[in-house]
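Notes for the one structure printed next.
The values are calculated or read from the model by the stated rules, or taken from the named source; none is laboratory data. If you're wondering where the values come from, they're calculated on a predicted model, not measured in any experiment. Glycine gets a Cβ as well: all are built from the backbone with ideal geometry, and neighbour counts include every protein chain shown. Each accessible area value is taken on the protein alone, full model and side chains, heavy atoms only, with ligands, DNA and RNA left out. Shrake-Rupley method; radii C 1.70, N 1.55, O 1.52, S 1.80 Å.
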Amino acid sequence: CGGLISNSSGTLQSPYYPGSYPNNADCVWEIQVENNFRVMLTFSDIEMPSSRCQYDYVEVYDGPPHPSLLLGRICAGSFLTYTSSSNLLSIRFHSDSRYTFRGFQAHYTSIPADHNIALMCLPDYMHAVVNRDYLQSQGYSAELVTLNNTGCEPTLTSHEVIFNIPYDSCGTTREESNDTINYSNMIKVISSGHIIKRKKDLHLHISCKMLHDTWMQVMYIADDIADMNENQFGRYAVNITFYDSSSFLRPVLDSPYYIDLNQNLYLQAYLHSSDPNLMVFVDTCVASPDRHDFKSLAYNIIKNGCVRDSSYVTYYSPYSHFARFKFNAFEFINRHTSVYLRCELVVCRLGDYSSRCYQGCLSRSKRDASSAQEKVDVVVGPLRLREGDAQSRNTG
């Protein structure tokens, strides 16, 4: 149960609904819709023990489940509705070992946010857009909009003022806490004397917060005008590429990638981010003949940082944004047309020795509630056996 949901609308429900849900369940769903949209969630049915929601309950969070505001804990009622302040809403379902009931069913949809101000936290920069009609309605001129660091100019269109603000320049500041990295900057709108409606300058404080693999984006206006908030969530961009040797100089661009049995397969994972103080760690890699199913027939190469295949080797990488490793092509590729690889990658602060990236092999996997916060899934392939090798093996 649980997982990441990225459709614009849909339904979610407790396990086995409308039958009785299982005991000792702990499910976390994260609903993430498009940038500058919000999530509206309505519970159409909910039946659990209703004694102050102590034993079985559903919790709704305004963002990721751990650091975000708890909007409500419920176990009974009908047509209860919650709306997020960003493009991400989390739902946690918990049951104990005592009783079991029908559970819940809920429907969600995405609704447009206020488009006067928009913010996207992209891998290399903050993309901030201010509507020119909005500025004019408040008595401000688009030509007087600047960053706190005046060396980085915006792009003016007929309808918008657009800033692309790097994380490592243009006056962006970086602040670390135990579980987040906060990148902040400020857009200033200077008052002009002849059209002003307010005498104070307008300050738009923008902030991108990184929590493991999740970007929390915040944009608000200071006291100079009525406060406004724009929150967005995104996920790291990470890719995996095959290379033809351990020198990692020439990527393999063929798709599908035809290989021989027991051939060395060299892979490099790359984190797209302009922040040099991040690192990427290979937590799990699983092979399967079905790119949509890594459970029915799967082969673990590395799981929770623990090497499961004797041919798996890691290589030194000169940059923390890269993780390099290899393994040998395995036997069941001879029995299936194609094989795919899904790797779970963790992003951490460089030098944070308490983070997952420095813990190595974990004998017990973490709970799903935390793994959804920490890991990025990447699927690569297909791999296919060379016809000559297949024929020689079949003949033999």
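Consider residue 106 carefully, then state whether it is in a strand (DSSP E or B), among the small types (Gly, Ala, Ser), touching a strand residue (DSSP E or B) at 6+ places or on another chain (Cβ under 6 Å) and under 14 Å from residue 208 (Cβ atoms).
On the way: in a strand (DSSP E or B): yes; among the small types (Gly, Ala, Ser): yes; touching a strand residue (DSSP E or B) at 6+ places or on another chain (Cβ under 6 Å): yes; under 14 Å from residue 208 (Cβ atoms): no.
No.
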**Asked** Among the numbered criteria (1) out of contact with any strand residue (DSSP E or B) (no Cβ under 7 Å at 6 or more places or on another chain); (2) modelled with pLDDT of 90 or more, which single criterion is violated by residue 267?
**Response** (1)
**Request:** Give the residues of region 2-59 that are within 9 Å of residue 103 (Cα to Cα) and of a type in the set (S, T, N, Q), sorted by residue number.
**Result:** 13, 14, 20
**Message:** I'd like the full set of residues that are touching a strand residue (DSSP E or B) at 6+ places or on another chain (Cβ under 9 Å) and at pLDDT below 65, limited to region 181-220.
**Reply:** 211, 212, 213, 214, 215, 216, 217, 218, 219, 220
**Asked** Which residues, counting only those in region 294-306, are over 22 Å from residue 260 (Cα atoms) and either within 25 Å of the chain's Cα centre (by Cα) or surrounded by 15 or more Cβ atoms within 10 Å (Cβ to Cβ) (or both)?
**Response** 294, 295, 303, 304, 305, 306
**Message:** Quick test of your reading of the structure: residue 86 fulfils all but one of (1) within 30 Å of residue 209 (Cα to Cα); (2) touching a Gly at 6+ places or on another chain (Cβ under 8 Å); (3) modelled with pLDDT of 90 or more. Name the failing condition by number.
**Reply:** (3)
**Residue, nearest to residue 58 (Cα to Cα), within region 14-29, restricted to residues that are touching a strand residue (DSSP E or B) at 6+ places or on another chain (Cβ under 6 Å) and part of a loop (DSSP other than H, G, I, E, B)** = 14
**Complete:** Expected output for region 23-40 (first residue surrounded by 19 or more Cβ atoms within 10 Å (Cβ to Cβ), partner hydroxyl-bearing (Ser, Thr, Tyr) and part of a loop (DSSP other than H, G, I, E, B), Cβ below 6 Å, 6+ apart or cross-chain) is 32/6; 33/8; 38/84; 39/84
**Prompt:** So which residues in region 142-178 are open to solvent by less than 60 Å² (accessible area, probe 1.4 Å) and small (Gly, Ala, Ser)?
**Reply:** 142, 169, 171, 177
**Request:** Please specify each residue of region 73-111 satisfying the condition of being open to solvent by less than 10 Å² (accessible area, probe 1.4 Å) and touching an Asp or Glu at 6+ places or on another chain (Cβ under 8 Å).
**Result:** 75, 84, 86, 87, 88, 89, 90, 91, 93, 95, 103, 104
**Asked** What do you reckon, is residue 265 among the hydrophobic types (A, V, I, L, M, F, W, C), over 22 Å from the mean Cα position of the chain (by Cα) and either assigned to a loop (DSSP other than H, G, I, E, B) or over 14 Å from residue 383 (Cβ atoms) (or both)?
**Response** no
**Message:** Tally up the residues in region 73-101 that are closer than 14 Å to residue 50 by Cα and part of a loop (DSSP other than H, G, I, E, B), please.
**Reply:** 10
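Would it be correct to say that residue 247 is open to solvent by less than 30 Å² (accessible area, probe 1.4 Å), of a type in the set (S, T, N, Q) and modelled with pLDDT of 80 or more? Before you say what the answer is, go through the steps one by one.
On the way: open to solvent by less than 30 Å² (accessible area, probe 1.4 Å): no; of a type in the set (S, T, N, Q): yes; modelled with pLDDT of 80 or more: yes.
For residue 247, the condition - open to solvent by less than 30 Å² (accessible area, probe 1.4 Å), of a type in the set (S, T, N, Q) and modelled with pLDDT of 80 or more - is not met.
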**Asked** In region 34-70, which residue that is within 28 Å of the chain's Cα centre (by Cα) and among the β-branched types (Val, Ile, Thr) is farthest from residue 6 (Cα to Cα)?
**Response** 58
**Message:** Condition (residue is under 21 Å from the mean Cα position of the chain (by Cα) and either at positive phi or in the same structural domain as residue 256 (by the TED database) (or both)) applied to region 326-340: is it met by at least one residue?
**Reply:** no
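Can you give me the number of residues within region 118-141 that are among the aliphatic types (A, V, I, L, M) and open to solvent by 10 Å² or more (accessible area, probe 1.4 Å)? Write out each step before concluding.
Narrowing region 118-141 to residues among the aliphatic types (A, V, I, L, M): 118-120, 122, 126, 128-130, 135.
Those left that are additionally open to solvent by 10 Å² or more (accessible area, probe 1.4 Å): 118, 120, 122, 129.
Adding up the residues that qualify gives 4.
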